[in-house]
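The structure under discussion appears below in the form of structure tokens.
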Number of protein chains: 2
Amino acid sequence: MSEESGQHFSRRGAIAAFAATAGAAATGGALVAGGREAAPAPRPARAGARLEPFHGAHQAGITTAQQRYALFAAFNLETTHPVKGERLSTEQTVAAFRRLTEGWTVAAERLTRGLPPGPMPFARPEVPADSGVADDLEPSRLTVTFGLGPDLFERIGREGARPRRLTPIPGFRGDRLEKAWSGGELFVQVCGDDLQTVSRAFRTLRSRAPGLARLQWSQQGFLGAFGDATPRNLFGHPDGTTNPRVGTAEFDRAVWSDADEPAWFSGGTYLVFRKIRMNLPKWDTSTALTQDRTIGRRRSDGAPLSGGHEFSEPDFGKKGPDGEPLILADSHVALVRDVPMLRRSYNYDYGFQGNREPVADHHHGKDADHDHGDDMPVHSGGGHDAYDSGLLFCAYMSDPGEFVRTQRKLAESDRLNAFIEHTGSAVFAIPPGMRPGENLADALLSAT
Amino acid sequence: MSEESGQHFSRRGAIAAFAATAGAAATGGALVAGGREAAPAPRPARAGARLEPFHGAHQAGITTAQQRYALFAAFNLETTHPVKGERLSTEQTVAAFRRLTEGWTVAAERLTRGLPPGPMPFARPEVPADSGVADDLEPSRLTVTFGLGPDLFERIGREGARPRRLTPIPGFRGDRLEKAWSGGELFVQVCGDDLQTVSRAFRTLRSRAPGLARLQWSQQGFLGAFGDATPRNLFGHPDGTTNPRVGTAEFDRAVWSDADEPAWFSGGTYLVFRKIRMNLPKWDTSTALTQDRTIGRRRSDGAPLSGGHEFSEPDFGKKGPDGEPLILADSHVALVRDVPMLRRSYNYDYGFQGNREPVADHHHGKDADHDHGDDMPVHSGGGHDAYDSGLLFCAYMSDPGEFVRTQRKLAESDRLNAFIEHTGSAVFAIPPGMRPGENLADALLSAT
């Protein structure tokens with residue numbers, strides 16, 4: 001099965017999708033409209049369904065109150081012809097980009113409204129238009145947010161339209177980045193309150209990619225049902241306390257693109273994504289004092305160690321009886337103060353990532369590895385011992401340089417570094433929102 | 001970090017835990033009581049908290065209405081002394097088993113009631129007793145269910161107490177089992193409606209294992225918010241339609257242990273666990289007719305192809321106009337008819353399992369693998385293309401032999417085999433429920 005299950009495609013579909021890009025490039029938005037006509041009659045969302053609007057000045061999934069589940073993924077455009085193997089020209093790549101973003105826009109808009117996604121492109125008519133996986137499920141505040149990576153603009157011959165602040169995140173001291181979840185030309189964030197609708201939405205988006213783009217990585221996160229309280233991360237601390245409030249001038253400055261950006265990017269933003277692995281055993285066996293001093297806040301209620309409550313301004317000058325600052329200068333809070341960004345992070349717990357060794361004789365009872373005492377000492381790590389959990393750090397900001405400057409400081413001296421490890425990194429320009437009938441790539445591709 | 005983050009322990013804790021097992025073996029349940037006394041004063045669960053009872057004739061998490069999230073994991077007892085490296089005697093192994101199950105029982109009972117788990121064993125007093133991750137979260141119908149694998153009984157010198165039907169599941173044609181999620185001596189199922197409380201509960205259980213047992217595998221699944229409807233699996237079909245109804249004689253026969261089992265096992269059951277990978281792209285590009293004939297049911301409403309509604313009895317003799325049976329003899333439904341078991345399966349979507357290659361120069365934008373056209377053909381699979389999603393098949397039954405007999409038939413001729421692949425397998429005896437003050441191992445260890 002592994003030959004076919006990796007990416008979402010049929011050979012027929014992949015070739016047809018690619019072949020169709022020439023027409024798509026010529027007709028512009030026509031395929032979007034066509035897709036809509038061919039779709040089954042809209043099934044109105046049920047009364048009480050919780051919907052997030054897809055259209056607007058900004059994309060959904062940014063100012064949206066955080067949903068319980070998130071899926072993040074990056075794709076790269078195909079570089080060669082699916083049959084001939086020839087390297088694609090820039091024009092062919094643009095056509096593929098247009099076709100893909102059209103398919104994604106239509107599917108995302110319909111799914112977030114609680115409608116079926118429309119027909120699978122280039123599938124035989126007898127093939128169901130939808131997987132049925134979310135039949136009887138509400139959209140549960142589903143949002144889909146798209147982004148464009150630094151390398152995309154050269155690929156599609158639009159270097160001149162590249163947002164000014166879109167450059168790869170540099171490496172930092174202590175980074176342990178893995179290709180498996182770093183970088184990418186096209187980005188998708190799917191959020192919602194029902195994991196099954198999130199999974200189904202991403203499956204639909206994948207099914208639009210064959211022949212056009214290839215999945216590079218995906219990551220999934222969750223938040224507990226914290227209601228109006230700030231969600232807690234896996235170190236037990238509230239995460240996102242200092243976020244600017246939506247609708248304030250401070251928020252707009254921190255998040256939405258500056259005036260010096262290309263006109264098509266007005267209303268856009270940037271996303272910095274970091275996969276941060278947490279050493280939970282080490283944290284859990286540290287004292288409360290160490291934990292709180294590392295963060296600079298009290299875990300129980302999130303108040304700064306200088307006093308007050310969660311939302312009190314930290315007093316970095318305030319000293320304790322020993323003459324030392326209550327909030328240590330190398331605590332996490334002291335180093336990240338006043339960074340203008342909207343944190344929208346999720347926890348992840350991927351469990352135990354064991355070896356994928358086949359069971360030799362199909363008799364696993366006998367094969368179970370009981371006798372690992374010798375070759376697998378208690379205190380060793382390695383693949384067999386890898387428990388992977390932590391934080392999918394997501395921050396929207398008008399200038400990713402703010403992240404870079406802060407992370408450089410953190411990488412040098414943050415006390416938290418003893419407990420965490422950055423294993424993934426990516427940055428994307430998040431285009432502005434769309435009007436009905438418009439697709440993700442329209443503004444960019446019509447920019448001169 | 002990988003040296004320490006794999007398993008949940010501190011070196012100090014691991015050694016102390018092991019050393020304490022001698023005392024634990026002598027004093028029996030004393031540590032349970034001790035753990036309770038040392039815990040912080042119980043914090044009553046809030047009004048409206050949804051709790052599932054921990055105590056009873058049967059363990060929770062079996063007849064419990066299926067929660068939204070599940071985590072499954074298996075551990076093996078340590079085989080060697082954490083410091084000296086000597087092979088453990090049977091007496092030492094029993095002591096470790098007792099100590100571990102005491103820790104687990106106390107923590108599970110407290111967490112399901114919405115209380116903190118009690119102090120981390122052998123931690124310094126300054127170490128917080130709990131991670132704080134679920135502060136302000138309700139238990140959300142948390143349940144913890146424990147099981148014992150076939151090899152455990154010899155390990156603890158209790159071959160005579162082994163449930164009669166507990167033997168390893170044999171290999172079947174087409175199996176692609178991997179050690180990474182097969183077998184195991186001790187089993188834990190954690191279910192709940194909040195993924196963060198499930199994650200935290202499992203973290204607590206892990207923290208009780210160092211020095212005593214080692215995590216072998218973990219798996220996580222979900223269900224959409226289907227309410228009273230049968231949940232749909234990732235093929236879009238309702239899954240669990242033919243389950244016996246709780247409280248009927250049919251259910252009791254299908255699930256609870258037979259009269260010929262050892263007395264201590266009365267009220268127990270067996271769990272068969274299979275990790276079943278689904279080829280979603282292949283399924284999604286198959287026609288509706290192929291999909292429905294493969295299952296023998298109509299996807300839209302789950303009705304058998306012989307007619308009626310979801311819960312209508314399939315008529316395997318009924319023929320269509322072409323003289324062929326409406327439900328094909330090699331459809332999934334025709335082959336699994338009348339198997340007495342309680343299916344309690346969960347969907348899984350682990351996303352894209354990419355290569356874990358390090359980013360070479362910490363400049364991931366540049367390193368992103370754009371030029372994979374030549375060495376990574378569009379239609380190939382392999383690690384780089386591996387999207388892992390499917391079903392965590394869980395079935396409780398009084399006789400796992402029923403599963404084996406059915407699976408043998410399925411492995412030979414089920415039409416579904418074209419779309420699925422079994423990659424994990426395990427079977428466990430699920431001990432009966434506990435009374436207050438009792439721990440998981442008491443009944444077994446007091447059996448002669």
> Label-point separation (nm) for B:Asp338 and A:Ala259, each offset 7 Å from Cα along Cα-to-Cβ?
Replying inline: 8.1 nm
> What lysines could a cross-link reach from B:Lys409, if we take a straight Cα to Cα line under 29 Å and drop same-chain neighbours fewer than 8 places away?
Replying inline: A:Lys366, B:Lys179, B:Lys275, B:Lys282, B:Lys318, B:Lys319
> Shortest first and in nm to one decimal, what separations exist between A:Lys84 and its copies in the other chains, measuring from label points 7 Å along the Cα-to-beta-carbon line?
Replying inline: 7.4
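What chymotrypsin sites (Phe, Trp or Tyr not before Pro) does region B:276-318 have in DSSP loop regions with at most 14 other beta carbons within 10 Å?
On the way: sites: B:Trp283, B:Phe311, B:Phe316; in loops: B:Phe311, B:Phe316.
When the chymotrypsin sites (Phe, Trp or Tyr not before Pro) of region B:276-318 are filtered for loop state and at most 14 Cβ neighbours within 10 Å, B:Phe311 remain.
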>> Could you tell me which residue out of A:Phe75, A:Ala60, A:Pro116 lies farthest along the dipole of region A:58-216 toward its positive end? Charges go on the beta carbon: Lys and Arg +1, Asp and Glu -1, centred on the Cα centre.
In response: A:Phe75
> Among A:Pro210, A:Ala229, A:Gly171, whose Cα lies farthest out toward the positive end of the dipole of region A:166-229, if unit charges sit on the beta carbon of Lys, Arg (+1) and Asp, Glu (-1)?
Replying inline: A:Pro210
> What's the average, rounded to a whole number, of partner chain beta-carbon atoms within 10 Å of each residue's beta-carbon in A:315-321?
Replying inline: 0
> Which three semi-axes in whole Å describe the equivalent ellipsoid of region A:88-209, each the square root of 5 times a Cα gyration tensor eigenvalue, listed largest first?
Replying inline: 30, 20, 12
>> Between A:Leu289 and B:Lys84, what is the label-point separation in nm under the 7 Å Cα-to-beta-carbon projection?
In response: 3.6 nm
> Over all distinct Cα pairs, what is the inverse of the mean 1/r for region A:75-123, reported as the Kirkwood hydrodynamic radius in Å?
Replying inline: 12.4 Å
> Using the Cα gyration tensor of region B:178-315, with a ≥ b ≥ c the square roots of its eigenvalues, what is the shape: rounded (a/c below 1.5), prolate (a/b larger than b/c) or oblate (neither)?
Replying inline: oblate
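When Cβ neighbours within 10 Å are restricted to other protein chains, what is their mean count per residue of peptide A:159-169?
On the way: counts 0, 0, 0, 0, 0, 0, 0, 1, 1, 7, 4.
That average works out to 1.
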>> Defining the label point at 7 Å along Cα→Cβ, can you sort the distances from A:Gly307 to the same site in each other copy, shortest first, in nm?
In response: 8.1
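Grab the alpha carbons of region B:117-181, take their convex hull, and tell me the volume per residue in Å³. Please report the intermediate quantities before stating the final value.
Details: hull volume 14.4 nm³, N = 65.
Measuring per residue, one finds 222 Å³ for the Cα hull of region B:117-181.
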> Nm distances between the label at A:Phe251 and the same-position labels in the remaining copies, 7 Å along Cα→Cβ, shortest first?
Replying inline: 4.8
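What does the structure give for B:115-127 when I average, per residue, the other chain Cβ atoms found within 10 Å of the residue Cβ?
Per residue, the average neighbour count from other chains is 2.
Every number in this text was worked out from the coordinates using simple rules, so none of it is lab data. Just so it is clear, the structure is predicted and the values come from calculations on it, not from any experiment. Please note: Cβ atoms are built from the backbone with ideal geometry, for glycine as well, and neighbour counts cover all protein chains shown.
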